[in-house]
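Encoded as structure tokens, the structure appears first; notes follow it.
The values are calculated or read from the model by the stated rules, or taken from the named source; none is laboratory data. A quick note: this is a predicted structure, and the numbers were derived from the prediction, not measured. Cβ atoms come from the backbone with ideal geometry, glycine included; neighbour counts cover every protein chain shown.
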Amino acid sequence: MDLTLTPDELSFRQSLREFIAAHRHLAPPESDTRLGTEERRLWQQLLLTNGFLGRTVPSRYGGYGAKPNLMEQRAISEEFAAAGITDRMLVANRQGVSMLVPTLLEYGTEEQKQRWIPPTLRGELIWCQGYSEPGAGSDLAALSTRGRVEEDHFVITGQKIWTSEAHQADMMFCLVRTEPEAEKHGGISFILVPMSAAGIDVRPLKTMTGRSSFNEVFLTDVCVPLDHLVGARGRGWEVANEALKHERGALGNPEVTQTRFQELVELMTSEKVNGCRLIDNPVYTDRLVKLQSWLMALRLNSARILTCRMKGEEPGLCQLVVKLQGCELNYQLSALAIDVLGEVGVLDGGSDFVRAGGAWQNNYMFDLGLIIGGGTAQIQKNIIAERGLGMPRRAHAV
Amino acid sequence: MDLTLTPDELSFRQSLREFIAAHRHLAPPESDTRLGTEERRLWQQLLLTNGFLGRTVPSRYGGYGAKPNLMEQRAISEEFAAAGITDRMLVANRQGVSMLVPTLLEYGTEEQKQRWIPPTLRGELIWCQGYSEPGAGSDLAALSTRGRVEEDHFVITGQKIWTSEAHQADMMFCLVRTEPEAEKHGGISFILVPMSAAGIDVRPLKTMTGRSSFNEVFLTDVCVPLDHLVGARGRGWEVANEALKHERGALGNPEVTQTRFQELVELMTSEKVNGCRLIDNPVYTDRLVKLQSWLMALRLNSARILTCRMKGEEPGLCQLVVKLQGCELNYQLSALAIDVLGEVGVLDGGSDFVRAGGAWQNNYMFDLGLIIGGGTAQIQKNIIAERGLGMPRRAHAV
Amino acid sequence: MDFGLSDDQRAFQDAFAQCLTDFSSTSTVRRILDGDAAAARALQSRLNEVGATGIVVPPEHGGLGLGVLDAAIVFEMLGRYVAPVDLTGSVLTSIALSRSGSESQKAVWLRKLVEGTASFGTALTHAISDREGGIVSSVAGRLNGRSFMAACPPDSTHLLVPDSLGALWIVTRDSPGLRERQLVTVDRTRGFCTLEMEDVVAERLAHSGGGELLSELIAIARVLISADALGASQRMLEMAVAYAHDRKQFGVPIGSFQAVKHLCAEMAAEIEPCHALLWFASHSLDQRLPDAVVSACHAKARIADVSQFVARAATEVHGGIGFTDELGLHWWFKRIAVDRQLGGGPELIRAEAAWRQGWTDGPRHALALSEGRR
Amino acid sequence: MDFGLSDDQRAFQDAFAQCLTDFSSTSTVRRILDGDAAAARALQSRLNEVGATGIVVPPEHGGLGLGVLDAAIVFEMLGRYVAPVDLTGSVLTSIALSRSGSESQKAVWLRKLVEGTASFGTALTHAISDREGGIVSSVAGRLNGRSFMAACPPDSTHLLVPDSLGALWIVTRDSPGLRERQLVTVDRTRGFCTLEMEDVVAERLAHSGGGELLSELIAIARVLISADALGASQRMLEMAVAYAHDRKQFGVPIGSFQAVKHLCAEMAAEIEPCHALLWFASHSLDQRLPDAVVSACHAKARIADVSQFVARAATEVHGGIGFTDELGLHWWFKRIAVDRQLGGGPELIRAEAAWRQGWTDGPRHALALSEGRR
């Protein structure tokens, strides 16, 4: 056990802090949900040039070309988070940079890499993800969007749902059933679809939070050139799982929770009801410390995972539990914030007297959405039991 | 909604209280676990004569012959409970009186009723229940104890487990597979087995509580006359379910919980740590009141069930949830008692400083046993979902 | 003994449910929330017709002459249909008038209430805790102070407001010196506001004052809110069970997966005994039984926790579609979320229950109103 | 950065596990509990051989010279095997001596400890709360008072006892004036007693006194107890998973039922991050990091709750057989139950953590020892 940082690591952190201090004002504000602005592109290119995104992507594809170094990666994520720069503010096209780029590096042809990666890193191409369908949620492989080949292109018809940022995206990486005769998982291909193509209709999907951060995407005879296929035909399931691996890591990230936890402590130590600070109610404080212990365990668990990765070991169970535990903790943290605020806690953004712009309520619902979506809690439990504990794959009667 | 009692009901309660006050000293002490004593028989016969057990059993079978009256039944159970006379003190042969007698009344031949019911009511026949087997727990119908017919008797071989009081019983009502060719549920018969028969071996089964309130019963070529069969051959599943119906009602009875709750309040208001009464710790008190609200809901739910029964309506869901909720509440009540006692809470019966003779620890474990046994919590949930909510019977993969 | 709803009450419940099926269906709720004033008026006038606003008004004043239990039945149905109405003010005002109004006040106001010419909101939060500095004092028939989170149906004409000594006042909503600040909660089906009062002329209920009646009114409010949450929970469970029948994944209805079945069973197990608890607490308030106020605390605290669990679990059973606006499941989710905090969150209420039973020396977050222990 | 156990530590863990496999198998545990003194001695002397009693004793005094983290590894294995030994006293005494003993005290006692000629229990409960009137005062080298629930391994010769000013004392178990009252807990694998002291002559660790070292010792005790509970939990999970593979109902392994699978997954999800938490808290105490005592509170509180959940869930997976004495699963269940309360139950510890972070004005159940806030 050695928690000290090397001189190199310390100086990297130092330079990172200096960079952030000097350029923080260029970051787009959290409230700005527009993705394709010039301001965002310049900010993203600044990060790219300084190696704070696309850090390990080879320079021939427009990346910074650094050797993989998990400590540096962690330092970047921690320092930006500590400066209040969220993932969404960091990168305009999160799904492109964090999901598609690694997938292309693994499965793309040389030509695909050269064509798609550089503009994605530069923030010039915004991507969205076309996986889920109304009839294919937990059972994603049941998807029914079909693509038939006609001459030199696919012709795609179907419907995608839960497509965040589809209304601003230039491209969608998409799962399409191209081999109808093959068995369920074997008939799917991973295809890059231009959102400007004829036959695409994007409709915002309003959620319980009152916002429309998701969309439905309807595809009707959309033509896509054959060279937009990533990986072999019918191997899309494998390719998509690579991309999902990169997404899953991001959900339940305890550093984000830590920021929220600090805000809750701030709230409870500053607000009073009936002459007592909220934190002077022992029942609330017991819940607060309970969540703190849990959060601490999850943060340290991340450090353990990082060490495993650095040593090239498979983290196993301690990785598999991250999403299940992290999303649940976030949810309970929001629930506590609402409870201590009482009647104030149910106010919505924009109301008089509302705290933090209604973020606690918004998180409370959005976190529930994350427990439901992105691999439901039930699917997570199946994965933990089957992959982590080696329990039987099939379930049975009773 | 009318919670008042009629004059008849009030006077019945009054006479009951007078009876208890006059005769309470004749009740065997709670700590006395012997069943077949003369003292117990006399006490039981006193209750029988006064109509406080076997109340609605026709007098031709030795019962009191009263008309069924649920309010009277409830008054009896409440008044004896309030006087600290537990079910175990009330009746020596609980399983005989509360499970076998109603089953015989429903399924027995006239001869069987006359032969078995009167001595059972008089406390002269002690019964135990032979249902569970090592390979047949949740899946009771998988039982493999076999009985073949030879001349005028069954020859029974197999093993029973969780047979409480087998070491003191005269008879066992037992499920035996007599029709090996029939389908699972259809091959079982309900047979009355004398415990004195050759080939029966009773071995005490020690549990985690450190006590041996259960036994294993080994049967090797045990001969039982054919007229000990209750109901038709192969119809034992149906007969046994009748008996179980009477058992299930007893588990999770909130009146028992109410007594325990009062003891816990007494404990928390009288004991001090660090100069504060336990109840002055708001975190404990929050848990206490939480359990109180829940208990109150369950007690009122019982009143609702009683009203349904009196009106001849099927109580449905409110009956189906009793065991699941009641056992869980009991468990959590014991857990709170242990937590407030801290280091004192883990002392076992007989130790210096122990409270209530170690009853809280004993209950904590025994209640867990009840959550596991007598129809596990999982089986209870299946029943609620399938019978109560009409959900699909079969479960499927994932 | 007859524990439960009478045949009359069941028939009343069914009739009221039918009225809401007709005038507060999911599609109507959506229209009303989208600003369809005609639909809102239709619902309100239908409620007036069936006597919902005068439910606890004595028959001699034109009301139905029913009790808290019947009002709870109504609220359970309102929650069940997430009806965009809030009858808390009218029920509480009716009871307050009946118990502490002068004969002439009763004659005037109860009639108006039944006719619909006066309709009431109520501001109780400041009598439970000083959230956002809530406190109201009265001098010479004028009210000063603030009440946070008053129940203010948009169309109500008056408000029932207690002062810091437990006297009850009727305030006209357009009175000079009264400033309302609209609050936006996650639940758009009901309206809330904060009242700021500066020398507002008000009418005192003649015989009101002291903590006892006010405690009872708060208890009644809690029971009604609990009924709302319980009705909403019951409906969410039913929607979850129905969805689990219809929705297929991996080729079978999701209701055949043990995890989904057990989640539904747990919801049912938690909900079912709450009905009896709610009935009893309501009945106790009707009969003014000694423990009525404590029983209301139990109902509120228990149902707040149970309904929170159900809101989450039912949404989980629905998966992604439960998270959309389109299905509208979130209306129930949010209604339950607001009910949880209205009248005091469960932690505060449990502390109060411990104090009222003489176990503890007053909750640390004491009632703003000083009140002797029973 | 290298977060986790080193290769050396893992090898040490494996070797120690092997030693317990040999000398504290389930059947050996049963024999020892049934009074087989030879088996108990064999286990104890094997532990001495591998250096378990001198694990944190500096090498110059013949010990292994390892730290709290290594001791936690040992305790995790002890819990895993429900080993009928309690090394809390020896570890705490070693550290107390190293940090506050005079040179001659170190030379004498540490050597004895390593050789096994002196073995230690410890009485800390009275320094955490006054349960059963626990308080110990010292006057002129003599101790008076009571400590409830001291860790008293039957074969130990001495006890480490703090007084009310935080000074630490070595007491010989057969001293005049010392009366031990054996306690019987549900966990028969470890021995506890209550000490009654009347003018008991004791030896003070020369440089001890004040709250700081005592707080650290309590924190170390809490980490060790947590390690014990975590080891027991991990083993219970493994037993549940193995049983779910073997046991069939309805013709298939019960592990293929979703309810059983999910229960096992939940256990794993709760347990897994606790390892990192425990390692960090131990490491913090080794490095005497500023938040070390708070980190120990977090580890103790979290693991107490997680292990309680696991104890129940793993027993449930086993069904009836888990409830029998024969399988012995209950040894783990009970060990976890006792670990939960030792060193303070989770509610008290969380209140302490809030106070230590400066959030609250001291827990209502204050530490018996007055201690300045950091």
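Just wondering, is there one or more residues in the stretch D:337-360 that are within 27 Å of residue B:132 (Cβ to Cβ) and either of a type outside the set (Lys, Arg) or modelled with pLDDT under 95 (or both)? Give the derivation first.
Applying the first criterion (within 27 Å of residue B:132 (Cβ to Cβ)) to the stretch D:337-360 yields D:337.
When the remaining residues are screened for being either of a type outside the set (Lys, Arg) or modelled with pLDDT under 95 (or both), the result is D:337.
The answer is yes; a qualifying residue exists.
Please go through the stretch A:152-174 and pick out each residue that is touching a strand residue (DSSP E or B) at 6+ places or on another chain (Cβ under 6 Å) and in a loop (DSSP other than H, G, I, E, B). If you could, list the steps in order and put the result at the bottom.
Here is the first cut: in the stretch A:152-174, the ones touching a strand residue (DSSP E or B) at 6+ places or on another chain (Cβ under 6 Å) are A:153-167, A:169, A:171-174.
Once the filter is applied, which keeps residues that are touching a strand residue (DSSP E or B) at 6+ places or on another chain (Cβ under 6 Å) and in a loop (DSSP other than H, G, I, E, B), the stretch A:152-174 yields A:162, A:163, A:164, A:165, A:166, A:167, A:169.
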Report summary line: The condition from (1) under 18 Å from the mean Cα position of the chain (by Cα); (2) crowded, with 22+ Cβ neighbours inside 10 Å that residue A:245 misses is numbered (2)
Report summary line: All conditions in (1) assigned by TED's automatic domain parsing to the domain that holds residue C:40; (2) closer than 30 Å to residue A:349 by Cβ are true of residue C:152 except (1)
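The rows are residues; the columns are (1) part of a helix (DSSP H, G or I); (2) modelled with pLDDT of 95 or more; (3) loosely packed, with under 15 Cβ neighbours inside 10 Å.
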site: D:12; (1), (2), (3): yes, no, no
site: D:28; (1), (2), (3): yes, yes, no
site: D:32; (1), (2), (3): yes, yes, no
site: D:41; (1), (2), (3): yes, no, yes
site: D:47; (1), (2), (3): yes, no, no
Query raised in the report: When residues of the stretch C:301-360 are filtered for being surrounded by fewer than 24 Cβ atoms within 10 Å (Cβ to Cβ), part of a helix (DSSP H, G or I) and polar (S, T, N, Q), how many remain?
Result: 1
Report summary line: Checked against (1) closer than 23 Å to residue D:271 by Cβ; (2) facing chain C (nearest Cβ under 9 Å); (3) crowded, with 22+ Cβ neighbours inside 10 Å, residue A:347 satisfies every condition except (1)
Report summary line: With the first residue restricted to the stretch A:61-76 and required to be crowded, with 18+ Cβ neighbours inside 10 Å, and the second required to be among the basic types (Lys, Arg) and part of a helix (DSSP H, G or I), Cβ contacts under 6 Å at 6 or more apart or on different chains are A:61/A:113; A:75/A:13
Report summary line: How many residues of the stretch B:125-143 are away from chain D (no Cβ under 13 Å) and touching an Asp or Glu at 6+ places or on another chain (Cβ under 9 Å)? The answer is 5
Report summary line: Taking the stretch A:198-236 and keeping residues part of a loop (DSSP other than H, G, I, E, B), buried (at least 17 other Cβ atoms within 10 Å of the Cβ) and small (Gly, Ala, Ser) leaves A:210, A:231, A:234
**Report entry** Search result, residues across the stretch B:261-291 that are at the interface with chain C (Cβ under 7 Å from one of its Cβ atoms) and either within 14 Å of residue A:283 (Cβ to Cβ) or touching a residue at least 24 places away in the same chain (Cβ under 8 Å) (or both)
**Finding:** B:279, B:280, B:282, B:285, B:286, B:289, B:290
Requested in this report: Tell me which residues, restricted to the stretch C:253-265, are part of a helix (DSSP H, G or I) and at the interface with chain B (Cβ under 7 Å from one of its Cβ atoms).
Outcome: C:255, C:256, C:258, C:261, C:262, C:264, C:265
Requested in this report: Check off (1) facing chain B (nearest Cβ under 8 Å); (2) in contact with a helix residue (DSSP H, G or I) (Cβ under 7 Å, 6 or more places away or on another chain); (3) more than 17 Å from residue C:311 (Cα to Cα); (4) surrounded by 20 or more Cβ atoms within 10 Å (Cβ to Cβ) for residue C:215 and give me the number that stays unchecked.
Outcome: (1)
Query raised in the report: Only one of (1) in contact with a Gly (Cβ under 8 Å, 6 or more places away or on another chain); (2) more than 9 Å from every other protein chain (Cβ to nearest Cβ); (3) among the polar types (S, T, N, Q) is not met by residue B:307, so which one is it?
Result: (2)
Requested in this report: Output the residues belonging to the stretch B:350-386 that are more than 10 Å from chain D (Cβ to nearest Cβ), crowded, with 19+ Cβ neighbours inside 10 Å and closer than 27 Å to residue B:276 by Cβ.
Outcome: B:360, B:363
Report task. Could you pull out the residue among C:172, C:189 that is within 27 Å of residue C:75 (Cβ to Cβ), in contact with a Lys or Arg (Cβ under 7 Å, 6 or more places away or on another chain) and β-branched (Val, Ile, Thr)? Result -> C:189
Query - Positions within the stretch B:123-153 being charged (D, E, K, R) and either surrounded by fewer than 19 Cβ atoms within 10 Å (Cβ to Cβ) or on the phi > 0 side of the Ramachandran plot (or both), in sequence order - result: B:124, B:139, B:146, B:148, B:150, B:151, B:152
**Report entry** Answer from B:10, B:5, B:16 - the residue that is crowded, with 16+ Cβ neighbours inside 10 Å, under 30 Å from residue B:308 (Cα atoms) and more than 20 Å from the chain's Cα centre (by Cα)
**Finding:** B:16
Requested in this report: Run residue C:1 past the list (1) at pLDDT below 95; (2) within 20 Å of the chain's Cα centre (by Cα); (3) within 14 Å of another protein chain (Cβ to nearest Cβ) and report the number of the one that doesn't hold.
Outcome: (2)
Query - Residues satisfying the stated conditions in the stretch C:277-295, i.e. crowded, with 24+ Cβ neighbours inside 10 Å and either in a loop (DSSP other than H, G, I, E, B) or touching a Gly at 6+ places or on another chain (Cβ under 9 Å) (or both) - result: C:279, C:282, C:285
Report summary line: Only one of (1) closer than 23 Å to residue D:232 by Cβ; (2) surrounded by fewer than 22 Cβ atoms within 10 Å (Cβ to Cβ) does not apply to residue D:60, and that is (1)
Report task. Could you tell me which residue of the stretch C:322-354 is nearest to residue C:282 (Cα to Cα), considering only residues that are more than 18 Å from the chain's Cα centre (by Cα), more than 8 Å from chain A (Cβ to nearest Cβ) and of a type in the set (A, V, I, L, M)? Result -> C:353
